[in-house]
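Worksheet: one structure, shown below.
The values are calculated or read from the model by the stated rules, or taken from the named source; none is laboratory data. As the structure is a computational prediction, the values presented were derived from the model and not from experiment. Positions of Cβ are backbone-derived with ideal geometry, glycine not excepted, and every protein chain shown enters the neighbour counts. Just the protein is used for accessible areas: all its heavy atoms, side chains included, with ligands, DNA and RNA removed. Shrake-Rupley method; radii C 1.70, N 1.55, O 1.52, S 1.80 Å.
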Amino acid sequence: MANTNIDRQTLRELADAGNETALDRLADLADAAGDLGELSELLDEGSIRAGFLLTRRAAATGDVRELQRICDAGYDDAGDELNRLLKAPADGQRD
């Protein structure tokens, strides 16, 4: 079986060369480490995976400002989550 333990430096080099799979792998590593700063940087580099992971975190905590920022950075699904949260009835409020 092949060794699939690829170091971050190699992943970064591949991502910088345009390899989207390496960029996704970096996003998964940053998510596992809870490194939101790196995830945000990866989103700025165009990582859809980073956008998904950041959106999942922001939606879980109801962070509408973060969802707007993620949407503005180019991950459109964050806008869908933002709209869903904004349209939800407030706690204790009846329709």
Scattering profile of region 26-95 from the Debye formula, Cα beads only, expressed as log10 I(q)/I(0) at q = 0.17, 0.18, 0.29 Å⁻¹, is -0.56, -0.61, -1.28
Let me check I've understood the local charge: for ALA22, count other residues with C-beta under 12 angstrom from its C-beta, Lys and Arg +1, Asp and Glu -1. What total comes out? -3
Ignoring any ligand, DNA or RNA, what whole percent of the accessible area of the chain comes from carbon and sulfur when the probe is 1.4 angstrom? 47
